[in-house]
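Below: the structure, in C-alpha cells.
Here, each number is a calculation from the coordinates, and none is a lab measurement. Remember, predicted model here, so these are calculated numbers, not experimental data. Please note: Cβ atoms are built from the backbone with ideal geometry, for glycine as well, and neighbour counts cover all protein chains shown.
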Amino acid sequence: MIGYVTLGVSDMEKAKQFYSDLLADLGAKVLLDMERIAFIGKNMGSPMLAVCKPYNGEPNHPGNGNMVAIQPGSKEAVDAHYHKAIELGATCDGEPGQRIPNQFYGAYVKDPDGNKLAFFHFG
C-alpha cells in the first residue's frame, strides 16, 4: 500500500529532529538523508514519513485537507504522542478524545511547518 508520505518543510534540521523525537518510541529514525529529503521510519521496507524542501525551490505550504495519520497502538499512546508533539513545538488542532463512540479515538496537531498530523486508535 503506502510506501511513504512526504511533507514539505522550511527547515530540514528542525523537521528531522521533530519527527525523529516524536516517533522514536515507535522505532522510527532517519533512515536515509539526502540533504533535500530525509526518510524517517522503522526500516526501508515499512511505510515511512519523508520531510523535504520542495523540489521546485518554492516555499513549502501545508495543504488544506491533507493530513498524516499515525497509529501508535492505544488510547494512552495517542495521548502520549499528542503531548510529546506539543512539547516539541507542534500546535493543537484537536485535543485527544473519543470521536466516534467505541470506535475511533483521536488527537490532532500541526507540526512547526503547519502540516496536520492525527494520532488515532480504533476500538
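All other residues with a Cβ under 14 Å from the Cβ of G106 taken together, and with Lys, Arg as +1 and Asp, Glu as -1, what is their net charge?
On the way: positive: K75, R99, K116; negative: E76, D79, D93, E95.
Its environment carries a net charge of -1.
Net charge near I40, counting Lys/Arg +1 and Asp/Glu -1 over other residues with Cβ under 11 Å of its Cβ?
+1
Below 8 Å, C-alpha to C-alpha, sequence gap of six or more: please give me the relative contact order for the range 67-123 in percent.
42 percent
If all Cα-Cα distances of the range 67-123 are sorted into 10 Å bins from 0 onward, what percent lands in each bin, rounded to whole numbers?
29, 57, 14, 0
Three principal axis extents, largest first, for the C-alpha atoms of the range 1-54, in Å?
Projected onto its principal axes, the Cα set of the range 1-54 covers 25, 23, 15 Å.
Can you sort L49, L22 so the residue with the fewest Cβ neighbours within 10 Å comes first? Walk me through the intermediate numbers first.
Working: L49 20, L22 24.
Ascending number of Cβ neighbours within 10 Å: L49, L22.
Hey, can you grab everything whose amide H is under 5 Å from the amide H of Y4? Only 5+ residues off in sequence or another chain; H modelled, so Pro and N-termini drop out.
M48
What is the antiparallel percent of DSSP beta bridges lying wholly in the range 1-53, to the nearest 5?
Details: 8 of 13 bridges.
DSSP beta bridges in the range 1-53 are roughly 60 percent antiparallel.
State, as an integer percentage, the relative contact order of the chain based on alpha-carbon contacts under 8 Å between residues 6 or more apart.
23 percent
Looking at the chain, what % of its DSSP beta bridges pair antiparallel, to the nearest 5? The partial results should precede the final answer.
Details: 21 of 29 bridges.
Among the beta bridges of the chain, antiparallel pairing accounts for roughly 70 percent.
Under the Karplus relation 6.51 cos²θ - 1.76 cosθ + 1.60, θ = phi - 60°, what is the ordered set of whole-Hz ³J(HN,Hα) values for the range 82-92, x standing for Gly and Pro?
Couplings: 4, 5, 5, 4, 4, 4, 7, x, 6, 10, 5 Hz.
On a straight-distance basis, which lysines could pair with K53 in a cross-link, Cα separation under 29 angstrom, same-chain partners fewer than 8 positions away excluded?
K14, K16, K29, K42, K84, K110, K116
Arranged by the count of other C-beta atoms within 10 angstrom, fewest first, what order do Y19, Y4 take? Mind dumping the intermediate values first?
Values: Y19 25, Y4 14.
Fewest-to-most ranking of Y19, Y4: Y4, Y19.
So for the chain, Kirkwood radius off the Cα pairs, Stokes-Einstein at 25 °C and 0.890 mPa s: how many µm² s⁻¹?
Answer from the Stokes-Einstein relation: 167 µm²/s.
With the crude spin-label approximation of a point 7 Å out along Cα→Cβ, what separation in nm comes out for T6 versus N102?
Here the modelled spin labels are 4.4 nm apart.
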